[in-house]
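Comments concern the structure below.
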Amino acid sequence: MATEYWMSGPVENIPALLQPVAHALLQANLEINNQLQDFPEALLWEKPAGLASPGYHLQHVTGVLDRLFTYARAEQLSEQQFAALAGEGQPTATLHQLLDHFDAQVHQALMQLSVTPENTLTDFRGVGRKQLPSTVLGLLFHAAEHTMRHTGQLLVTTKVLLAQQVP
C-alpha cells in the first residue's frame, strides 16, 4: 500500500463515486489502530486540558458512522442508537472493546458502500426528528470527513497524554 489509502487505487467492490469515502474510512481505521496499539488503558478516559478523552473519540466515531449510515439508508435511529449516543464519553468499555467496535463499524460501512447504487447518491435523506435536508452522498461524505476530524483530534490527544507520562 502507498502512504495513504487514497494513493493506493480503488477499493475493491466500492462504486467509483464512493471511493473517497472508503479511502477516508480505511485511513482513519489504520491510523487509529496504529496509534492505539500500545496505548495505556489507564489513559483511555483522561482529558488533557479539558479535551475529549481518547475513549470518547473512539465511541463517537463509531456512533457517527452508525448513525449517518443509518440515515443514508433512509432509516430512523433506533432506541439502541440513541442510548449509545447518550453514553458517549462514559467509560463503559476497554480500549480493546472500543477498537473492535470501531473496526466492525468501518467494515459495516464499507459493506454498505459496496451495495449503494451510484444513481441514488443525490436522493433526499431526512436527518433526525426534524428531517433536516441531506442526500445519500451528503451523509456518506460527512460520515467520512467527521471520522477523519475526530481521528486527528484523537491522534493529537493521545500524543499529548503519552508525552505527559514521560518523567
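Results, tabulated for the structure shown:
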read-out: Packing rank of 17-23, 47-53, where each peptide gets the mean count of other beta carbons within 10 Å, highest leading; value: 17-23, 47-53
read-out: Derived scalar couplings ³J(HN,Hα) [the stretch 76-83; Karplus, 6.51 cos²θ - 1.76 cosθ + 1.60; whole Hz; x for Gly, Pro]; value: 9, 6, 8, 4, 4, 5, 5, 5
read-out: Of the trypsin sites (Lys or Arg not before Pro) in the stretch 111-167, those whose Cβ has at most 14 other Cβ within 10 Å and which sit in DSSP loop; value: R129, K130
read-out: Under 5 Å, built H, 5+ apart or other chain: amide partners of T135; value: R125
read-out: Under 11 Å from the A16 label point (7 Å along Cα→beta-carbon), backbone N, the stretch 92-113; value: none
read-out: Inter-centroid distance (Cα atoms) of the stretch 96-130 relative to the stretch 1-33, Å; value: 14
read-out: Net length gained if the chain between M148 and E79 were fully extended (0.36 nm per residue, minus Cα distance); value: 22.2 nm
read-out: Accessible area of the stretch 85-167 divided out per residue, in Å², using a probe of 1.4 angstrom; value: 57
read-out: Net charge of neighbours whose Cβ lies under 12 Å from the Cβ of V127, counting Lys and Arg as +1 and Asp and Glu as -1; value: +3
read-out: Alpha carbon Rg of the chain, scaled by the compact-globule rule 2.2 N^0.38 Å; value: 1.07
read-out: Compactness index (Cα Rg / 2.2 N^0.38 Å), the stretch 1-69; value: 1.34
read-out: Percent RCO, i.e. relative contact order, over the chain, from Cα pairs under 8 Å lying at least 6 residues apart; value: 33
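The values are calculated or read from the model by the stated rules, or taken from the named source; none is laboratory data. On a predicted model such as this, the values are computed, not experimentally measured, just so you know. Heads up, the Cβs are rebuilt from the backbone with ideal geometry, glycines too, and the neighbour counts pull from every protein chain shown. Only protein heavy atoms, including side chains, enter the accessible area calculation; ligands, DNA and RNA are left aside. Shrake-Rupley method; radii C 1.70, N 1.55, O 1.52, S 1.80 Å.
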